[in-house]
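The values are calculated or read from the model by the stated rules, or taken from the named source; none is laboratory data. The structure displayed is predicted, hence computed values, not measured ones. Counting neighbours? That spans all protein chains shown, and the Cβs are built from the backbone with ideal geometry, glycine included. Accessible surface areas use protein heavy atoms only, side chains included; no ligands, DNA or RNA. Shrake-Rupley method; radii C 1.70, N 1.55, O 1.52, S 1.80 Å.
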Amino acid sequence: MISKGQIKPLIVVSATFYNANSGSDFGSSVAELRSFHNDFEKHLMPAVEGKYRTYAVSTSDADLKASRSHRAFGGFSLGSVTTWLEFCYNSDYISSFIPMSGSSWYYGGFGDFQIKKNVDFIEQLVIQNKLNERGYFIYHAVGTNDAVKEQSYMMAEEMLSRKTFSSEHYVFYQKQDGIHDHFAVREFLYNALPLIFGK
């Protein structure tokens, strides 16, 4: 997409919250994703932006916040849950979000989605942090045959029912016949990236 001129040059970092000693079972994964925002803010973001030439003048807190409009975060499945948490914790550093096949678990978790409470909280963050004025964008996506589509559908329905989340700030995309796999992810990213990093 970069070579074809569809998006501006960008740095892609494929992060994980696993390490050689961590468990990768569902319970361990949920525990890790709930604290990942700390690692992102304190370690990952400064490490990447301190090594490569980016829009951040330095890795000072002020400069990382000042360059938020050039930073996006996305993830699939539990990575989608992580992405929603990044919005909840790190919207001062990130302006665009691509949660794919998953909803916010700031409150609740799998099987206890607490959609309204989560959207209430996200709406409160948008208003309190004046994000409509400062700028933010969420590209939320799921496949129509995804095994975990219900939580995404419920989240989207609640988000779209509120005037706070205009189409300038929130988009919900469905891949027809898409399932819970990386073919869907490729399509989501192909459609989302030009909206965020387009020429």
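Points worth noting:
- Low-density loop positions, chymotrypsin sites (Phe, Trp or Tyr not before Pro), the stretch 52-129 - DSSP coil, at most 12 other Cβ in 10 Å: 52
- Shape of the stretch 27-129, Cα gyration tensor, a/c cut at 1.5: prolate
- The stretch 92-199, relative contact order in percent, only Cα pairs under 8 angstrom and at least six apart counted: 31 percent
- Residues of the stretch 74-98 with amide N under 18 Å of a point placed 7 Å along Cα→Cβ from residue 62: 92-93
- Candidate residues 103, 14: accessible-area rank, largest first, probe 1.4 Å: 14, 103
- Charge tally around residue 69: other residues with Cβ under 12 Å, Lys/Arg +1 each, Asp/Glu -1 each, net +3.
- Qualifying trypsin sites (Lys or Arg not before Pro) for the stretch 1-56 [loop in DSSP, other Cβ within 10 Å: at most 13]: 4, 53
- For the chain, with all protein chains in place and a probe radius of 1.4 Å, 52% of the accessible heavy-atom surface sits on carbon or sulfur.
- Charge tally in the Cβ shell below 15 Å around residue 169, where Lys, Arg are +1 and Asp, Glu are -1, residue 169 excluded: +1
- Here's the list of lysines a cross-link from residue 65 could span, going by alpha-carbon distance under 24 Å and ignoring same-chain residues fewer than 8 apart: 8, 42, 51, 130, 199.
- Gap separating the Cα centres of the stretch 86-100 and the stretch 151-199, nearest whole Å: 14 Å
- Counting Lys and Arg as +1 and Asp and Glu as -1 over every other residue whose Cβ lies under 14 Å from the Cβ of residue 98, the net charge comes to +1.
- Gyration tensor (alpha-carbon) shape descriptor, the chain, a/c threshold 1.5: rounded
- Mean Kyte hydropathy of -0.5 or more with a Cα span along the axis of at least 15 Å, helices from DSSP in the chain: 26-39, 78-90, 115-128, 182-197
- In this structure the chain gives 53 Å² per residue of accessible area when probed at 1.4 Å with all protein chains present.
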